[in-house]
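The values are calculated or read from the model by the stated rules, or taken from the named source; none is laboratory data. What you see is a predicted model, and the numbers here were worked out from it, not measured in a lab. Cβ atoms come from the backbone with ideal geometry, glycine included; neighbour counts cover every protein chain shown.
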Ligand code: BJ8
């Protein structure tokens, strides 16, 4: 923790005392969850470094960009089209909202029976804990769930917020609405930055974001192998970091990691025994530093090989076509790509059910753990259908509802042990 960082945090209005407690708490957790793993790929050193310096270098980079007149745009959801932000020479940053630390702060204002992700993100702002929030010029929210959209109204009292309307259906009319939202977002970003989003700029940005998607696709493809060459915890961390790290650096590091994993695959060098139960986690996203479920599963003898979530496959599966064309055509293509994200906010959302079954087969899983954050009604209700579909397919399922606290860790471990025991028989 350098003096330079402290000065920057102070300049950003961070509550230094509270922030010290947060960062100091993260160190032993990271050691226990990550550094205790055996036989990790060398390529994870970079990601360890990024977490070790979580509020340092990257924030300096964003500040430098801002001091040179650039804009920083903060987001909470994979529905916000980052291509448009990059095309206007602004930098998008996915905000983390995965710690219990900021939850009680949020509960001073928000109802307690709100999902932890919403409370954690709001608590970061209210408690002046996050230098990324403090550095950003605009927070972009969305109407994916009721809790979030109402929270964004309150958040707007503290910092400029713009909300995109994500439709709840995927009909022709809904797609038109969403395309209109994408065009309106481009206008908002142009106004914020003073820069025109041109066709050439959009092509360049699309190519860049697609390249990161391809790198993450490659990482996930490597997890299909038996024995799996990387732990679920490590793969999750890579995705979490890619939400806020510099995109070019991220591509380089993920590519280097995948090159190493290729060699591991060739040498049959796995992180878990061949017979370790392979698990697909499906459901709510896990924002950094939410590693709870992966940690319990992987210290109980299982290995997580895929996440059907927005901190997993939903983040990178589909590419935006790179056909060029007019700005209008490109925005339409962007809008169409984002409508392929099968969030539980949609009705019906059968494509997600298809995805879960397909991923379970592709990743050769022995069981699925459906993860939903307490008070998240969309994922909780959709779990009923997930259960029906997986029962038909003969794929074992465990439904977990939890929050960010450690209070239920013992109970979760007991249920997970029983589930793994059942799978092993
Ligand atoms: S596209 S999953 S990132 S909305 S868990 S806050 S839904 S009550 S996070 Fe999400 Fe975008 Fe959908 Fe993905 Fe609400 Fe549920 Fe909380 Fe949630």
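Just one residue in the set 375, 315 is more than 25 Å from residue 241 (Cβ to Cβ) and within 13 Å of the ligand (Cβ to nearest atom); that residue is 375. Among the residues making up the stretch 79-90, those that are assigned to a loop (DSSP other than H, G, I, E, B) and in contact with a strand residue (DSSP E or B) (Cβ under 8 Å, 6 or more places away or on another chain) are 79, 80, 90. For the stretch 386-399, the set of residues classified as surrounded by fewer than 21 Cβ atoms within 10 Å (Cβ to Cβ) and within 16 Å of the ligand (Cβ to nearest atom) consists of 399 only.
Look at residue 370 and say whether it is under 20 Å from the mean Cα position of the chain (by Cα), modelled with pLDDT of 95 or more and surrounded by fewer than 19 Cβ atoms within 10 Å (Cβ to Cβ). Reasoning before the result, please.
Numbers: under 20 Å from the mean Cα position of the chain (by Cα): yes; modelled with pLDDT of 95 or more: yes; surrounded by fewer than 19 Cβ atoms within 10 Å (Cβ to Cβ): no.
Answer is no for this residue.
Selection of the stretch 347-364 for residues being out of contact with any helix residue (DSSP H, G or I) (no Cβ under 8 Å at 6 or more places or on another chain) and surrounded by 21 or more Cβ atoms within 10 Å (Cβ to Cβ) yields only 363.
Conditions (1) over 22 Å from residue 76 (Cβ atoms); (2) at pLDDT 95 or above; (3) within 16 Å of the ligand (Cβ to nearest atom); (4) not in a strand (DSSP E or B), marked per residue:
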{"residue": "324", "(1), (2), (3), (4)": "yes, no, no, yes"}
{"residue": "341", "(1), (2), (3), (4)": "no, yes, yes, yes"}
{"residue": "352", "(1), (2), (3), (4)": "no, yes, yes, yes"}
{"residue": "358", "(1), (2), (3), (4)": "yes, yes, no, yes"}
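Return yes when residue 93 is within 16 Å of the ligand (Cβ to nearest atom) and in contact with a strand residue (DSSP E or B) (Cβ under 6 Å, 6 or more places away or on another chain) and no when it is not. Yes.
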